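This report concerns only the one structure given below.
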Amino acid sequence: MSARRLRRFSLLIAASGVLTAALGASAASAEIAWTACPTAGFQCAGFPVPLDRGNVVPGTVNLSVERVPAATNPNRVAVVPLAGGPGQAALPLAQTFAEVMQPAIADRDLLLFDQRGTGASGALSCKALGERGSIVKLAQTCANELGPARGFYRTADTVADIEALRVAGGYDKLVLFGVSYGTKVAEDYAAAYPNNVEALVLDSVVLPEGPDPFQRSTLSDAPRVLRDLCAAKACRGATDSVQSDLTGLAAKLRKSALRGKVVLSSGKRTSLSMGQSDLLSILLAGDLNPTLRAELPGSMRAALRGDSAPLLRLAVRSEGLTTGLSLRHQSDATGGDSDALFLATTCEEAPFAWTRTATAEQRYQEITTAAQAIPKAQLGPFSPSAALQGGPVPLCLGWPDASPAPVAAAPLPPVRTLVLDGQMDLRTPFEDAEQIAQRIPGAAVVKVPFTGHSTVSSDASTDSTCTKGALSTFFAGGVPAPCAASENPYSPTRRPPTSLGAITANGRSRKTIIAASATVADAARQIIGDALALSAIPKHVGGLRAGNATVNRDGSFKLNHYQYVPGVVVSGKVNASRTATVTIRGGGALSGKLTITAGGAVHGTLGGKKVTIGSAASVRSSLPTVKQALARLPLLARR
């Protein structure tokens, strides 16, 4: 569930000059020694807390804290954003949180901190996680590296840290704003200290009982998410029954792996195979990279018809965007996600169906038995092995617990609550968010259309207005209305053609134009998807069948013998507004040179003859430009 930085900051209070007066108007007591931060308008401090409040394991954790004091704070309230993960640092997102929570901080302080074991608050790291080998052994070695201290990075420890900060900061109440795993922290604090909570804002809800190691809501809701994606005939040209395709493909992958060749970003081809757990990974990765989900319906139908390349490419592109843990890119530097903290929190407190003191072998037997007993309705189209392989079970199988089993979650108190959840979120499905309304009477629940994980940063509604409007209404004392209807900015793509002849059009000239336009759009989609997922423009992306594209910092790119339609080789340049000047040859296409605009207008020469087409729907791309897509980067919660 992990994280990222928006590039803009428009905190109006700083520009108005009021902030200077605000620095002296804080409600905070002298227990926290604030000093000016390098970022204008922010104050910084360190706040030591005990590692173990039971005083068995010695040590302290120095929490890194920042705040933006309000001009006036008559009710002595602080807004506390809580990042996702577990393992994500909040302070690198400080400016983003300030912008998002602007409706709440006119008369409340903004109080941020890196949770213990993340970012500048003693980020945990393990050398073992940078090595190769069995994940069971690597996690076990990491646990031994951390020693007994690993048992004190649980949600309950962070809840106690928040209460200590409230008291030391001189605040009477808190507004807790949690994203992904941060929602569980917010819920647990509210349950433990109900009288100290003014309100809850929960974005992408993890229920108080914690993430389900079997991911049952993810498995069972996958068909619904794809049905929503394909509603109103949006998948015309990709499939006529996405649910049947999902069911059939999952069944096929349970029997045997899908094998074939895939093109890497370098343009080189390599052999690859995938199973049903990889299909689940693609579905989950779509929360962070909407282009993956847009391509999935057509890619599944292609795989069922014998064309494995589209789905295998999605499997490669989804790598590293699913579990919240990337052993190849462990981040132990200040400001990054801590994989070691993710393990420590998850493995110590997730409700695994095994004996905590058992060996890895016994745990495997126990949890396999439990998985096989899961009712089929809770597995969706998947088998029990997907429930075992797709979540944190492999990561924690060999982790030796250093803390007691977590206690059952306490009831949530009747405080003002706003719940935001994406219609397309599979990490924390909307069905889970709806349960909060049943547990907190009067809670407002807002479904954000065509949006995956972390709605405040990946809102796909028109002009990203849904979450902004909900927050403004909520902090003005009102009840947010449902989101207005909007179009999907990443609508499903057509099934990739397996030859020029498979393109539905009259004549080779028209087929060639459509093939060239689809090739340009495919390259742009890969670039946008990687940029959205990685928060950076990629240097290269691979073609579907062959070749690659070289990408510039402004989002323009060059096609290098790029093939989307088998045998049809397209080369040339595409500017940042996605006007392409390309050459085409091979695969039965007419050879020539074309200029293609994002609006669908085409002119050039094919087969020695001039061609001109206005803004034709058959060659128009609905994709945003790379520049437009980068302005929507979903940065707050990656895990």
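Scan the range 539-553 for residues that are open to solvent by less than 10 Å² (accessible area, probe 1.4 Å), closer than 16 Å to residue 566 by Cβ and aliphatic (A, V, I, L, M) and report the count.
Of the residues in the range 539-553, 1 are open to solvent by less than 10 Å² (accessible area, probe 1.4 Å), closer than 16 Å to residue 566 by Cβ and aliphatic (A, V, I, L, M).
Name the residue that is least open to solvent (accessible area, probe 1.4 Å), counting only residues in the range 580-599 that are at pLDDT 95 or above and assigned to a loop (DSSP other than H, G, I, E, B).
589
Please go through the range 448-493 and pick out each residue that is surrounded by fewer than 19 Cβ atoms within 10 Å (Cβ to Cβ), without any contact (Cβ under 8 Å) to a residue 40 or more places away in the chain and not in a loop (DSSP other than H, G, I, E, B).
Within the range 448-493, 462, 463, 465, 468, 469, 473 meet the criteria.
Of everything in the range 554-587, what is free of Cβ contacts under 8 Å to residues at least 60 places away in the same chain and among the β-branched types (Val, Ile, Thr)? Give them in sequence order.
Answer for the range 554-587, where residues must be free of Cβ contacts under 8 Å to residues at least 60 places away in the same chain and among the β-branched types (Val, Ile, Thr): 569, 570, 574, 579, 581, 583.
From the list 168, 190, exactly one residue is surrounded by fewer than 18 Cβ atoms within 10 Å (Cβ to Cβ) and either touching a Ser or Thr at 6+ places or on another chain (Cβ under 9 Å) or of a type in the set (A, V, I, L, M, F, W, C) (or both). Which is it?
Result of the check over 168, 190: 168.
Please specify each residue of the range 219-239 satisfying the condition of being assigned to a helix (DSSP H, G or I) and under 24 Å from the mean Cα position of the chain (by Cα).
Correct list: 219, 220, 221, 222, 223, 224, 225, 226, 227, 228, 229, 231.
Could you look through the range 521-533, keep only residues that are touching a Lys or Arg at 6+ places or on another chain (Cβ under 9 Å) and open to solvent by 10 Å² or more (accessible area, probe 1.4 Å), and pick out the one that is nearest to residue 496 (Cα to Cα)?
For the range 521-533, the residue satisfying everything is 521.
Mind telling me which of the residues 67, 116 ends up being basic (Lys, Arg), part of a strand (DSSP E or B) and in contact with a Gly (Cβ under 9 Å, 6 or more places away or on another chain)?
67
Let me confirm something: among 71, 3, 36, 14, which residue is at pLDDT below 85 and over 13 Å from residue 98 (Cα atoms)?
Being at pLDDT below 85 and over 13 Å from residue 98 (Cα atoms) holds for just one of 71, 3, 36, 14, which is 3.
Please determine, by comparing only the residues of the range 147-158 that are part of a helix (DSSP H, G or I) and crowded, with 20+ Cβ neighbours inside 10 Å, which one is nearest to the chain's Cα centre (by Cα).
Per the stated criteria, the residue is 155.
Has the range 279-299 got at least one residue that is buried (at least 23 other Cβ atoms within 10 Å of the Cβ), touching a strand residue (DSSP E or B) at 6+ places or on another chain (Cβ under 7 Å) and without any contact (Cβ under 8 Å) to a residue 60 or more places away in the chain?
no
Of all residues in the range 47-86, how many are exposed (fewer than 14 other Cβ atoms within 10 Å of the Cβ) and either in contact with a Phe, Trp or Tyr (Cβ under 6 Å, 6 or more places away or on another chain) or small (Gly, Ala, Ser) (or both)?
Total satisfying the criteria: 2.
What single numbered condition from (1) in contact (Cβ under 8 Å) with a residue 60 or more places away in the chain; (2) open to solvent by less than 30 Å² (accessible area, probe 1.4 Å); (3) farther than 21 Å from residue 448 by Cα fails to hold for residue 176?
Going through the list (1) in contact (Cβ under 8 Å) with a residue 60 or more places away in the chain; (2) open to solvent by less than 30 Å² (accessible area, probe 1.4 Å); (3) farther than 21 Å from residue 448 by Cα, residue 176 breaks only (3).
Do we have residue 117 as at pLDDT 95 or above, buried (at least 23 other Cβ atoms within 10 Å of the Cβ) and on the phi > 0 side of the Ramachandran plot here?
Yes, satisfied.
Tell me yes or no: at least one residue of the range 240-251 is open to solvent by 20 Å² or more (accessible area, probe 1.4 Å), of a type in the set (D, E, K, R) and under 27 Å from the mean Cα position of the chain (by Cα).
no
Of 441, 406, 400, 414, which residue is in a loop (DSSP other than H, G, I, E, B), at pLDDT 95 or above and open to solvent by 60 Å² or more (accessible area, probe 1.4 Å)?
So the residue among 441, 406, 400, 414 that is in a loop (DSSP other than H, G, I, E, B), at pLDDT 95 or above and open to solvent by 60 Å² or more (accessible area, probe 1.4 Å) is 414.
Mind checking whether some residue in the range 224-233 is touching a Cys at 6+ places or on another chain (Cβ under 8 Å) and open to solvent by less than 40 Å² (accessible area, probe 1.4 Å)?
For the range 224-233, residues touching a Cys at 6+ places or on another chain (Cβ under 8 Å) and open to solvent by less than 40 Å² (accessible area, probe 1.4 Å): present.
Being surrounded by 15 or more Cβ atoms within 10 Å (Cβ to Cβ) and at pLDDT below 85 is the filter here; which residues of the range 600-621 pass it?
600, 616, 619, 620, 621
Specify the residue that is farthest from residue 604 (Cα to Cα); the eligible residues are those in the range 494-510 that are outside any helix (DSSP H, G or I) and aliphatic (A, V, I, L, M).
The selected residue is 503.
Only residues that are of a type in the set (S, T, N, Q) and under 17 Å from residue 182 (Cα atoms): list them for the range 65-94, please.
88, the sole residue that qualifies.
Scan the range 526-537 and report the pairs whose first residue is under 10 Å from residue 551 (Cβ atoms) and whose second residue is open to solvent by less than 10 Å² (accessible area, probe 1.4 Å) and at pLDDT below 80, with Cβ atoms within less than 6 Å and a gap of 6+ or a chain change.
Short answer, once both residue conditions are applied: 527/626.
From the residues in the range 198-221 that are among the hydrophobic types (A, V, I, L, M, F, W, C) and surrounded by fewer than 24 Cβ atoms within 10 Å (Cβ to Cβ), which one is modelled with the lowest pLDDT?
Across the range 198-221, the extreme among qualifying residues is 207.
The values are calculated or read from the model by the stated rules, or taken from the named source; none is laboratory data. Note that this is a predicted model, so its numbers are computed, not measured. Glycine gets a Cβ as well: all are built from the backbone with ideal geometry, and neighbour counts include every protein chain shown. Accessible surface areas use protein heavy atoms only, side chains included; no ligands, DNA or RNA. Shrake-Rupley method; radii C 1.70, N 1.55, O 1.52, S 1.80 Å.
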